[in-house]
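Notes for the one structure printed next.
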Amino acid sequence: MKKIGVLTRDCAGINAAIRAVVRTAAFHNIEVLGIIKGYDGLIDRDLIELDRHSVSGILNRGGTILKTARAKRFLTAEGQTQAVKTIAENDLDGLIVIGGNGSLTGAHILATEYQVPMIGVPATIDNDINGVKMSIGADSAVNVAIEALDKIRDTATSLERVFVVEVMGRDCGYIALQVALAGGCEEVLIPEKETDMESICADIVEGSSQGKISWIVIVAEGSTKGSEVADTIVKETGLETRLSVLGYIQRGGVPTAFDRLLAARLGSFAVEILKDGQTDMCVGYTDKKLITIPLEQAIQPKKIDYERDYRLIKILT
Ligand code: F6P
């Protein structure tokens, strides 16, 4: 193996993973080309050389030095054919894709339909890669959200208000559940569980009658709109309620130590297994072991066991 490519999506810890890929490849005398703006860069032939010096000082930076995009053109056969052409023109012996569900689906297509050696590295704040315990970026996102939540709680307590806090998580309630539990919140709404606004409002009314003065309701963006939840609470309880949408602050920022460690391990392991001839695989670190799972499996919906956390949130409130 002489030359590989790396392309990414966006979240904290991705730069640390790029660094691990580049430096492990350099260790094995493999050249690396970085693909600019994800799959768009493959279609537009936008690639840069990445040597070991080019990744100095990026370990603790959020985002991705390679930039990224939602590459709609890659969903077409023409886009895919052009991407494969770029891979051949640049003599790439394989590709490492660092990203979430969409990015890994692209990797699976290139591996199975075009026989390009591909390895996926899970990196998404949603933490919804099936078969992988933790994706790069998820821990950083939870920590950012907790920091914001602690501040919101101060105001909720001072003004005796209900706060609805919307966090990210398109199809997965991972961030919402972690934040609700670690932040001592009263309620949490996630896409995996049907929302029961009636019982949530009844709990708030009951608590209020017993002297409780503030609440924080966490809403994963993929369940119900935070604004609708806030409106219903006002209507049903009459309590002063505010909405705070945390949004994109959760995806950027300095990666936590946990995410840097994960990025170092997974980025490096991805190069090792690509070099050893593996393809169409996703890497992971589960129970302190480096694992591989077929990309086809990794892109299936991930089921989370939310009942235990749900129960605990209720007990601890
Ligand atoms: O997949 C991660 C995620 O942050 C989701 O939680 C969110 O819905 C989505 O990305 C937003 O993506 P975009 O960058 O396309 O707005």
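Could you order peptides 101-107, 291-297 by the average number of other Cβ atoms within 10 Å of their residues, highest first?
The densest-packed peptide leads the list: 101-107, 291-297.
Evaluate the distance, in nm, between pseudo-label points positioned 7 Å from the Cα of Q278 and of E240 along their respective Cα→Cβ axes.
With each label placed 7 Å out from Cα toward Cβ, I get 5.6 nm.
Among G226, T317, I293, which residue has its Cα positioned farthest towards the positive end of the charge dipole of the chain, with +1 placed on the Cβ of Lys and Arg, -1 on the Cβ of Asp and Glu, and the dipole taken about the Cα centre?
Checked the options; the winner is I293.
Which of F258, T24, A202 sits closest to the plus end of the dipole of the chain, meaning its Cα is farthest towards the positive end, when Lys and Arg get +1 and Asp and Glu get -1 on the C-beta?
Looking along the dipole axis, the top candidate is T24.
What accessible area per residue comes out for the chain, rounded to a whole number of Å², with a 1.4 Å probe? Could you put the intermediate results ahead of the total?
Working: 14360 Å² over 317 residues.
Heavy-atom SASA per residue in the chain reads 45 Å².
Expressed as an acute angle from 0 to 90° and rounded to the nearest 10, what is the orientation of the C-alpha long axis of helix 14-27 relative to the principal long axis of the chain?
It works out to around 30 degrees.
Using +1 on the beta carbon of Lys and Arg, -1 on that of Asp and Glu, and nothing else charged, what's the dipole of the chain about the Cα centre, debye to 20? Don't skip to the answer; put the middle values down first.
Values: 35 positive and 43 negative charges, 199 e Å.
Dipole of the chain, to the nearest 20 debye: 960 debye.
What number, in percent, do you get for the relative contact order of the chain if the mean sequence gap of Cα pairs under 8 Å and at least 6 apart is divided by its residue count?
24 percent
Calculate how many DSSP beta bridges within the chain are antiparallel, expressed in % of all such bridges and rounded to the nearest 5.
25 percent
Applying the Karplus parametrisation 6.51 cos²θ - 1.76 cosθ + 1.60 with θ = phi - 60° to the phi angles of region 129-137, what ³J(HN,Hα) value in whole Hz is obtained for each residue in order, glycine and proline being reported as x?
7, 5, x, 10, 5, 10, 9, 4, x
So, counting K/R as plus one and D/E as minus one, what does the shell of residues with Cβ under 15 Å around T68 add up to?
+4
Among the lysines, select those whose C-alpha is under 28 Å from the C-alpha of K314, and discard any that sit fewer than 8 residues away in the same chain.
K133, K151, K193, K212, K225, K235, K302, K303
What is the sum of charges, Lys and Arg at +1 and Asp and Glu at -1, for the other residues whose Cβ falls under 13 Å from the Cβ of I30?
So the surrounding residues net to -2.
Any idea how far the Cα center of region 78-127 sits from the one of region 143-209, in Å?
Cα centroid of region 78-127 versus Cα centroid of region 143-209: 37 Å apart.
Which percent of the accessible area of the chain is formed by carbon and sulfur heavy atoms (probe 1.4 angstrom)?
Roughly 49 percent of what the probe reaches on the chain is carbon or sulfur.
How large is the charge dipole for region 140-251, taken about the Cα centre, if only the Cβ atoms of Lys, Arg (+1) and Asp, Glu (-1) carry charge, to the nearest 20 debye? Please list the in-between numbers first.
Values: 10 positive and 19 negative charges, 78 e Å.
The dipole magnitude comes to about 380 debye.
About the Cα centre of region 210-264, what is the dipole size in debye to 20, counting +1 per Lys and Arg Cβ and -1 per Asp and Glu Cβ, all else neutral?
Rounded to the nearest 20 debye, it is 160 debye.
The values are calculated or read from the model by the stated rules, or taken from the named source; none is laboratory data. Everything numeric in this text was worked out from a predicted model, so none of it was measured. Ideal geometry is used to build each Cβ from the backbone, glycine not excepted, and the neighbour counts take in all protein chains shown. To get the accessible areas, we keep the full protein, side chains included, count just its heavy atoms, and leave off ligands, DNA and RNA. Shrake-Rupley method; radii C 1.70, N 1.55, O 1.52, S 1.80 Å.
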